Amino acid sequence: MCSEDRISILPDHILCHILSFLPIKEAVRTSIISTKWRYLFASISTIEFDRCLLSGLTDRNVDSFKNFVDRLLKFPDQVSLDCFRLSDGISWNDEDHDFDVSGWICAALCRGVREIDLHLDNLGDVLTLPAVLFTCHSLVTLKLNAEGSKIEVPSDVCLGNLKTLQLRNSVVDGDSINRLISNCHVLEDLAFFECFLAYARELNIQTPSLKILVLEFDVVEYRGFNYVLVINAPNLVYFQYTDAVAEGYALSNMKSLEKADISIYRFDSSDCETSATHLIQGICTVRSLSLTIDEVLFRTCRLPIFHNLIEFEYHGLGFNGRETWLVEFLHCVPNLKTLTLNFLVVAETQWKVLHMEVPSCLSFHLKEIKILNFKGDTRMFEMISYFLDNAMVLEKLMIGMKTLSETQQSTVLYQLLQLPKSSKKCQVVIF
């Protein structure tokens, strides 16, 4: 008894959509099912060349592979492409194979591709991409991983419909990047991951449509940090910034900001207090803040009140006077509800003799405290005791003890439960 082939009776556009979720090699194999399936794979809307596809490639069949790619991208009656992707783990610039990557990109652009995602390595000092890539009106998402190469942006760049731009492991020139950003008029998601910022006096980001901004730059000895970061993004919701403290910051019109993740470091002996303070002042309307610093980089007395901040997460190395700095900062966040702490307690920490006015957030609003990487030493107990003594409406104290044995955890939990608490509702939880 033959079972009915219900999949094959589906319309071609639905079958092509299904094939788009398969690796290219598996999609091509469906061509042997029947005459109906013979050329369906050529009409898929997502084309990805990955490591699996090239796993069996040899000098004998490399020409066949290149011909296959050419036919696939330039197939008659071609449909528009949703995505063209060259995955990582492949040396697309291998001189032995001489892949026509520029030709493939141009073919995808001719098919009105909406997303291009390229992971390219072994490209030398400069990554030269087809100029038409930077003037394509169909492009909505562009992701480039240049593995240490400098990305050159032509002077006539114009990506009028680009909403997502992500650069990773690349060298970005200040002038080129400013030119690229300023000519993406509807950009919503802009990200630099582990990029090297070179020859920049100013990084200028003034994009009204921008909602997500990630600036994660390499902090290395031979890089200069004498640039000014300018941001004017009235619709920005998320901001992540990792770098040594720059020469200056001009952050304005960021009233929509919901979450910020800031990691800044002093790289040399220069006075960076004013610059770091300007950076933090520029995000004072944020509701959730994660802050990583390795020393006191700004004075809390110069900070505004963070009226909207309800979540604060603090990371960093130990430094003298940190407990004073932290309590001073808590005075700037009167409506804080959740506090997360992840740092080493240094020997000079003196929570027991901390003679300061208790921040109002501890008295009226703080509901949850989470302490990560708890080591169980005396000074960490002193810190916890300070918060339990002063957090009047605390509901939950969470302690991370993954480095401790089960026996040690039980001992610590018993000691924690013996500490006096101002809030009768407070539950102590270990994880």
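The values are calculated or read from the model by the stated rules, or taken from the named source; none is laboratory data. Just so it is clear, the structure is predicted and the values come from calculations on it, not from any experiment. Cβ sites come from the backbone with ideal geometry, for glycine too, and all protein chains shown count toward neighbours. Ligands, DNA and RNA are stripped out before the accessible areas are found, and what is left, the full protein with its side chains, is counted by its heavy atoms. Shrake-Rupley method; radii C 1.70, N 1.55, O 1.52, S 1.80 Å.
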Q: Being among the aliphatic types (A, V, I, L, M) and either open to solvent by 10 Å² or more (accessible area, probe 1.4 Å) or closer than 19 Å to ASP175 by Cα (or both) is the filter here, so list the residues in the stretch 121-141 that pass it.
A: LEU123, VAL126, LEU127, LEU129, ALA131, VAL132, LEU133, VAL140
Q) Of the residues in the stretch 290-313, how many are under 14 Å from PHE343 (Cβ atoms), touching a Phe, Trp or Tyr at 6+ places or on another chain (Cβ under 7 Å) and either open to solvent by less than 40 Å² (accessible area, probe 1.4 Å) or of a type in the set (S, T, N, Q) (or both)? A) 2
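For every residue, the table says whether it meets (1) assigned to a strand (DSSP E or B); (2) among the β-branched types (Val, Ile, Thr); (3) on the phi < 0 side of the Ramachandran plot; (4) at pLDDT 90 or above.
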| residue | (1), (2), (3), (4) |
| --- | --- |
| ARG223 | no, no, yes, no |
| VAL230 | yes, yes, yes, yes |
| LEU236 | no, no, yes, yes |
| PHE239 | yes, no, yes, yes |
| THR242 | yes, yes, yes, yes |
| LYS255 | no, no, yes, yes |
| ASP261 | yes, no, yes, yes |
| SER275 | no, no, yes, no |
Q.
Please go through the stretch 106-119 and give me each residue that is of a type in the set (A, V, I, L, M) and either over 17 Å from VAL69 (Cα atoms) or more than 20 Å from the chain's Cα centre (by Cα) (or both), ordered by number.
A. ALA107, ALA108, LEU109, VAL113
Q. Which condition number does THR407 fail, the rest of (1) open to solvent by 40 Å² or more (accessible area, probe 1.4 Å); (2) in contact with a strand residue (DSSP E or B) (Cβ under 8 Å, 6 or more places away or on another chain) being met?
A. (2)
(Q) I need the full set of residues from the stretch 229-248 which are under 21 Å from ILE310 (Cα atoms) and either in contact with a Gly (Cβ under 7 Å, 6 or more places away or on another chain) or open to solvent by less than 10 Å² (accessible area, probe 1.4 Å) (or both), in order please. (A) LEU236, PHE239, TYR241
Q: Using the structure shown, decide if SER275 is open to solvent by 10 Å² or more (accessible area, probe 1.4 Å) and farther than 22 Å from ILE310 by Cβ.
A: yes
Q | Subset tally (residues that are open to solvent by 50 Å² or more (accessible area, probe 1.4 Å) and modelled with pLDDT of 65 or more) for the stretch 70-101 | A | 12
Q.
Being surrounded by 15 or more Cβ atoms within 10 Å (Cβ to Cβ), part of a strand (DSSP E or B), in contact with a Gly (Cβ under 9 Å, 6 or more places away or on another chain) and modelled with pLDDT of 90 or more is true for just one of LEU251, LEU215, LEU190, LEU165. Which residue is that?
A. LEU251
